[in-house]
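The values are calculated or read from the model by the stated rules, or taken from the named source; none is laboratory data. On a predicted model such as this, the values are computed, not experimentally measured, just so you know. Neighbour counts run over all protein chains shown; Cβ positions are idealised from the backbone, glycine included. For accessibility, only protein heavy atoms count, side chains too; no ligands or nucleic acids. Shrake-Rupley method; radii C 1.70, N 1.55, O 1.52, S 1.80 Å.
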Amino acid sequence: MATSRNASLRRWLLSLPPLEYALQQIRELLIGSLKCGPIPKHIAFVMDGNRRYAREHKLETVEGHHLGFEALARILEVCYKSGVEVVTIYAFSIENFKRSKYEVDGLMDMAKTKLVQMSQHGELFDRYGASVRILGDLSLVREDVIAEVNRAVEMTAHNQQAVLNVCFPYTSREEITRSIRETVKEYSVPADRAQAVGWRAFSESHIQRSLRSSRRLSNISEESRRSHPDLQPLTGEKEKAQAHPNPADLPSEDYSSADSTTEISSQEDLDANTTTTTTTTTAPSSSSQTSYSSPSPDFKPTTTPSKSTSKSTSKSTSTTQKPSHLPDPESLTTAHLTRNTYTSPAPPLDLLVRTSGVYRLSDFMLWQCHETTELRFLDCLWPNFDLWRFLPVLVEWQWRRRREGVGGLGEGKGGKVV
């Protein structure tokens, strides 16, 4: 009883015009003082505690979510005034579809009205030049909700000073899966070697494979030479003499056999060439092997090739064509996956704040959290989250950046890509 009486007295005092004006001036002074130090470029919020706040104050669950949207408007104004470029909020998780239909429908209807209301002329997004982006799997949302959400996005598309990322509906695992799927699609499309992004003329793994295969072949050839001494290579004059014997040095009997062999091989070459130009298919004879070893003149076919021969020719031509070149898999980096995430091209995440005293990420921004992202878990519920609870978080973040040696007016380590 005393608690409710004190809360009513506090609200009455704060509603007085002199006190309200004084508090407004103090807020402006504190926000202006924040600009003297480094400002996080990207802040994410897990707006947790709306249902618990509604239970504690004996309100409907949907009413607790409405109060949470009012708290969001207050925090966005603080962020945009202090110079934060990107704000990402966890509005609705894919796992929230497991809740009651009444609560899910209430959240969907509230998203339609609140986003359009804040996007209208003269409202919050128009005053601070913020654009709205919807991140998530919209195929799970009703069509009427998608239409209103797209309307809010179109109404703020011309704003370029700040961004509000609304994760709705969203899970980080689904985002990472989608990013990998899109990256695989990009690397499955053939690209020109001269114009391929990240193509390299020399690949480390390709060079290693080539060295292994060449060593293996050299070992095999060395073993074959040892097992067959008659296959040893000949050098010098002995090799030339055996490769091209002089007919004068041969006996008459050998000389006549050499001439007859030359005539037979020439006749066999002509026979083999004539056989390849006809449409009649025959089994390869021993004379065809001689035609491959010695070149023969080219003759044009005298008859029209049949359909089977043309099909085989087209198949052989298609198989001998130069294969298309896919992007080098070794050029794949984390930047490719980051480019295909929902939040791209937002700067790296500098600060993640979660209310309600729960110490977990709940499948939110798992890919965006890196080695310099600061996580803050607060005990207050989201509808109670305001400037007085958010200000110590920003001041401590600035103090840590100064201690790490990152200072300067309005720029911090979060503005750099890590």
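For region 363-384, the criterion of a residue being farther than 16 Å from Val84 by Cβ, among the aromatic types (Phe, Trp, Tyr) and loosely packed, with under 14 Cβ neighbours inside 10 Å is satisfied by no position. Of the residues making up region 110-137, those that are assigned to a helix (DSSP H, G or I), surrounded by 15 or more Cβ atoms within 10 Å (Cβ to Cβ) and not basic (Lys, Arg) are Met110, Ala111, Leu115, Val116, Met118, Ser119, Leu124, Phe125, Asp126, Tyr128.
For (1) open to solvent by less than 10 Å² (accessible area, probe 1.4 Å); (2) in contact with a Cys (Cβ under 7 Å, 6 or more places away or on another chain); (3) under 26 Å from Glu404 (Cα atoms), each residue gets a yes or a no:
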{"position": "Cys36", "(1), (2), (3)": "no, no, yes"}
{"position": "Ile43", "(1), (2), (3)": "yes, yes, yes"}
{"position": "Asn50", "(1), (2), (3)": "no, no, no"}
{"position": "Leu59", "(1), (2), (3)": "no, no, no"}
{"position": "Leu72", "(1), (2), (3)": "yes, no, no"}
{"position": "Glu77", "(1), (2), (3)": "no, no, no"}
{"position": "Thr88", "(1), (2), (3)": "yes, yes, yes"}
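For Ile26, indicate whether it is open to solvent by less than 40 Å² (accessible area, probe 1.4 Å) and either hydrophobic (A, V, I, L, M, F, W, C) or assigned to a helix (DSSP H, G or I) (or both). Answer is no for this residue. Does Glu143 fit the bill of being surrounded by fewer than 15 Cβ atoms within 10 Å (Cβ to Cβ) and either under 26 Å from the mean Cα position of the chain (by Cα) or of a type in the set (A, V, I, L, M, F, W, C) (or both)? For Glu143, the condition - surrounded by fewer than 15 Cβ atoms within 10 Å (Cβ to Cβ) and either under 26 Å from the mean Cα position of the chain (by Cα) or of a type in the set (A, V, I, L, M, F, W, C) (or both) - is not met. Remark: pairs (first residue in region 92-105, under 11 Å from Val62 (Cβ atoms) and modelled with pLDDT of 90 or more; second residue open to solvent by 40 Å² or more (accessible area, probe 1.4 Å) and not β-branched (Val, Ile, Thr); Cβ separation under 8 Å; 6+ apart in sequence or on different chains) = Val104/Phe97. The C-beta contact set for region 34-48 (first residue polar (S, T, N, Q), second residue at pLDDT 95 or above and open to solvent by 10 Å² or more (accessible area, probe 1.4 Å), distance under 7 angstrom, 6+ apart or interchain) is empty. Contact map, region 138-158: first residue among the small types (Gly, Ala, Ser), second residue surrounded by 12 or more Cβ atoms within 10 Å (Cβ to Cβ), Cβ cut-off under 7 Å, separation 6 or more or different chains; pairs are Ala152/Leu115; Ala152/Val116; Ala152/Ser119; Ala152/Val132; Ala157/Ser131.
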